[in-house]
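Novice: The following block contains the structure, expressed as structure tokens.
The values are calculated or read from the model by the stated rules, or taken from the named source; none is laboratory data. Everything numeric in this text was worked out from a predicted model, so none of it was measured. We place every Cβ from the backbone using ideal geometry, glycine too, and count neighbours over all the protein chains shown. All accessible areas refer to the heavy atoms of the entire protein, side chains included, with ligands and DNA or RNA removed. Shrake-Rupley method; radii C 1.70, N 1.55, O 1.52, S 1.80 Å.
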Amino acid sequence: MQGMHGTHSIPLVWLSLVIAVCASYTALTLAGRVSVARGRARLAWLLGGSVAMGSGIWSMHFVAMLAFHLTVPIMYDVPLVGLSFLAAVGASAFALFVASRSNVGLGRLLGGGCCLGIAVVTMHYTGMAAVRVMGRLSYDPMLVGASVLIAITAATVALWLFLRLRNDDTRRGRSLRVGAAVVMGFAIAGMHYTAMAAAHFTGPMASAPASGEWVIGTTGLAVPVVMGAFLILTLTIAGSITDHWVRAKLAAAEALRESEERYRSVVSEIEEVIFRTDAAGCWTFLNPAWTHITGFTVEESIGTAMQESAHPDYRPASASEFEGMAQRSADYCRYEILYVTKNGDARWVEVHARASRDAHGALTGTAGVIRDVTERRRADEQLRAARETAEAASNAKSKFLSRMSHELRTPLNAILGFGQLMELEASAPSEIENADQILKAGRHLLSLINEVLDITGIEAGHLHISAEEVRVSEVVDEVVSLITPLTSMHAVHLNVDRAAIGMNYVRADRQRLKQVLLNLVANAVKYNRAEGSVFIRFEEAAEGHARVVVEDSGIGIAPSKMSRLFTPFDRLGAETMGVEGTGLGLALSKGLAEAMGGTLGARSMPNVGSAFWIELPCAESPLSRLTDEHKLPVVAAPADPARRHTVLYVEDNLSNLTLVQRILAPRGDISLIPAMQGGLALDLARVHKPELILLDLHLPDIHGEEVLRQLRQAPDCRDIPVIVLSADATPGQVERLIAAGAHAYITKPLDVRPFVDTLDRVLNARRAA
């Protein structure tokens, strides 16, 4: 028998390849839809996908058959053609089913690939069995085996690609699906054309098909094949578009679901209440924290008015806040209110609410946060109560100490007075010693009372400070003169760095500065060793401040005790040194330094010595303000000495005294009498009857306010005008002294021209009177 050699139409061959690639892409796309669908939707996608994929494979096969030509007509058995279609659809359904499983192991993948490959081979050779030609059809066993191997390999690779790419929605995933579709399409076409190479046609045979067979020719087969090809191409395009749209929708839905899930998770776990209300103020949303705070379930509270959750006494306030947002007076409110819990307890909450409005500005509802602040309110209340208790205790202590200190002065005055009389009248050594012991104990008690009064005044905020320019050298000289007897008694050498101190000024209360330095130097002497030394020096500090340092070569202080330095009544080292004292000196000095706007510091090294310093703001000399622009005209001395004015100036600060002397020196009509103590000033006022008294308040013996009071009570001095000169410019101080009888109140530092104008106005009024 003579063999027949077939030929292929190249355009149809390429069309079959295109259809194979499109069918593969459709299969990969539908595999993803089947895997994510559930229930009936999954079944629908599986059926639709298997038909589309099967149609593609079947169309590819018969387009390739249409591309095949023999020298004799080719007919096809219709039932077998239909059976081959069902085989293609069944193979596709099996592939999609396997690919839609959540977990597919290697064994299942290989088994599924074998079954799918055999199903595709079955579809192909069923279609070949439908061929009816005038000749005999036989197969090359080797090539048939090769086609089967190609089909199984292609099917296994196809399943693997299904699994890898079914859920990849990225651009990379889409690109990989296109590449995979090309590989799969060529593999399917390769299986077909390998199988066609295995087919051998020989003839001639019967001139017509057997009777009873239902056959169609090439032309008749072209119609369903073209329709199938058109269907698969249409499905490919539509599937690609639909897949992109569905994936986008699913991605958006998944993102929304995840966002809502995160929101629910956060809202459910947060300890603060998240709420929403409608335009009427009724709860529309509450998170589980509501139940934790109030005890009411969310279901019990939804639909009720938010005001009903408040304590009855606070409902009007809650309604007022909501009404303010409803009337557009505010878009946000914050308030604390008392809520009633389900078991009847009351809890304080902090409500933050913000209004939601429509396009016309009308209120559509509110949203916000509710925080439980009960514990904070309780803590604040406890803190306030504790503070009030502490303040009351401190005030009571201060009043008690102040009262007792003043009460102790009365009998102490008699003790010291009669003790001094005993000392003057004593003749026997024993009597002198007894009187000395009485006076020593009395003076010690007096110093203790004075320090207690100062500490009490500092703690109560009643300590009056007159901060002015103080020349450091003047204060140091006074301290040295007062402490010299103590240094001689303890055999301690006292040295002063006068070159460093020079003409420097600091801003301080002169008497209080002297009190602090006297205490520091006294401690340096008392806690020193025999033949030890004390050194007073001046040094600049940071930011316009300066220090007066008192350094000694004494026993020093252990580092563990430095924190106790400024504790009242804690006498460090007194138990070993036998030093007398109250234990209030350093605490008082620290309080005075801070009251003057400075600080008190210390450093020490055991068995080497200690250094204490007071740091204060630097100041200029009061005389520096007498520049050329402040020079005053010289007033010629009057011919009649009786017309000269006598002015008494009560001032303990030599710099301020010198300043006023310099201001009044060019004038010939004023005679200035200085007094550096209040008691002396009262005596001079009674003797000289001055026409004007300039009075400082902070004097070493008597406070200036007491001097003013005694002047106003003395019949021969009550009419003398008094001008107060002080650095204390608080309104209450000024008003009190004016009410006490002061004619005027001038604050330091002096402004020269207004000072002179005030003097002239008072003196002229005095002369006119």
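Novice: Quick check on my link table: of Lys561/Lys590; Lys514/Lys748; Lys514/Lys561, which ones sit more than 24 Å apart, alpha carbon to alpha carbon?
Specialist: Working: Lys561/Lys590 17 Å; Lys514/Lys748 19 Å; Lys514/Lys561 26 Å.
Cα-Cα > 24 Å for Lys514/Lys561; rest within.
Novice: List the residues, sorted by chain then number, that are 5 or more residues from Thr366 or on another chain and whose placed amide H is less than 5 Å from its amide H.
Specialist: Thr277, Asp278, Ser356
Novice: When a/c is below 1.5 the answer is rounded, else prolate if a/b is larger than b/c, else oblate, so apply that to the stretch 689-769 with a ≥ b ≥ c taken from the square roots of the Cα gyration tensor eigenvalues. Spell out each step's value before the answer.
Specialist: Values: a/c = 1.72, a/b = 1.05, b/c = 1.65.
Oblate shape, in that a/c is at least 1.5 and b/c is the bigger or equal ratio.
Novice: Ala593: net charge of surrounding residues, Cβ under 9 Å, Lys/Arg +1, Asp/Glu -1, itself excluded? Please report the intermediate quantities before stating the final value.
Specialist: Numbers: positive: Arg512, Lys590; negative: Glu594, Glu615.
Its environment carries a net charge of 0.
Novice: With all protein chains present, calculate the accessible area of Ile483 using a 1.4 Å probe and round the result to the nearest 10 Å².
Specialist: Approximately 10 Å² for this residue.
Novice: Under the rule of at least 5 residues apart or a separate chain, name every residue whose amide H is placed under 5 Å from the amide H of Phe296.
Specialist: Lys342
Novice: Another question about this same structure. Which whole-Hz couplings ³J(HN,Hα) result when phi for each residue of the stretch 309-321 is put into the Karplus expression 6.51 cos²θ - 1.76 cosθ + 1.60, θ = phi - 60°, listed in order with x for Gly and Pro?
Specialist: Karplus values, whole Hz, x for Gly and Pro: 6, 7, 4, x, 6, 10, 5, x, 5, 5, 5, 5, 5.
Novice: Amide H of His645 versus every other amide H placed in the peptide plane: which residues, excluding those fewer than 5 positions away on the same chain, fall under 5 Å?
Specialist: Under 5 Å from the amide H of His645: Ile670, Ser671.
Novice: In what sequence, largest accessible area first, do Leu600, Leu80 appear using a 1.4 Å probe?
Specialist: Details: Leu600 20, Leu80 50 Å².
Final ranking, largest accessible area leading: Leu80, Leu600.
Novice: Ignoring ligands, DNA and RNA, how do Leu518, Leu338 rank by accessible area with a 1.4 Å probe, largest first?
Specialist: Values: Leu518 55, Leu338 25 Å².
From most exposed to least exposed: Leu518, Leu338.
Novice: Kindly sort Trp283, Trp214, Trp160 by accessible area of their heavy atoms, largest first, with the probe set to 1.4 Å. It would help to have the intermediate numbers written out before the result.
Specialist: Details: Trp283 5, Trp214 165, Trp160 115 Å².
Reading off the accessible areas and sorting them downward yields Trp214, Trp160, Trp283.
Novice: Hey, what do the phi angles of the stretch 359-374 turn into as Karplus ³J(HN,Hα) couplings, whole Hz, using 6.51/-1.76/1.60 and θ = phi - 60°, x for Gly and Pro?
Specialist: Taking θ as phi minus 60°, the curve returns 5, 8, x, 6, 5, 9, x, 9, 8, x, 10, 10, 10, 7, 10, 4 Hz for the stretch 359-374.
Novice: Karplus couplings for the stretch 516-525 from phi (6.51 cos²θ - 1.76 cosθ + 1.60, θ = phi - 60°), rounded to Hz, Gly and Pro as x?
Specialist: 5, 5, 4, 5, 5, 5, 4, 5, 4, 6
Novice: Continuing with this model, one more query. How much solvent-accessible surface does His311 expose, in Å² to the nearest 10, with a 1.4 Å probe and all protein chains in place?
Specialist: Approximately 50 Å² for this residue.
Novice: Select from the stretch 522-556 those GluC sites (Glu not before Pro) which occupy a DSSP coil region and have at most 12 other Cβ atoms within 10 Å, ordered by residue number.
Specialist: Those that pass, being in a loop and sparsely packed, are Glu531, Glu543.
Novice: Which value, in Å² rounded to 10, gives the accessible area of Thr194 with a 1.4 Å probe and all protein chains present?
Specialist: So the heavy atoms of Thr194 present about 30 Å² to solvent.
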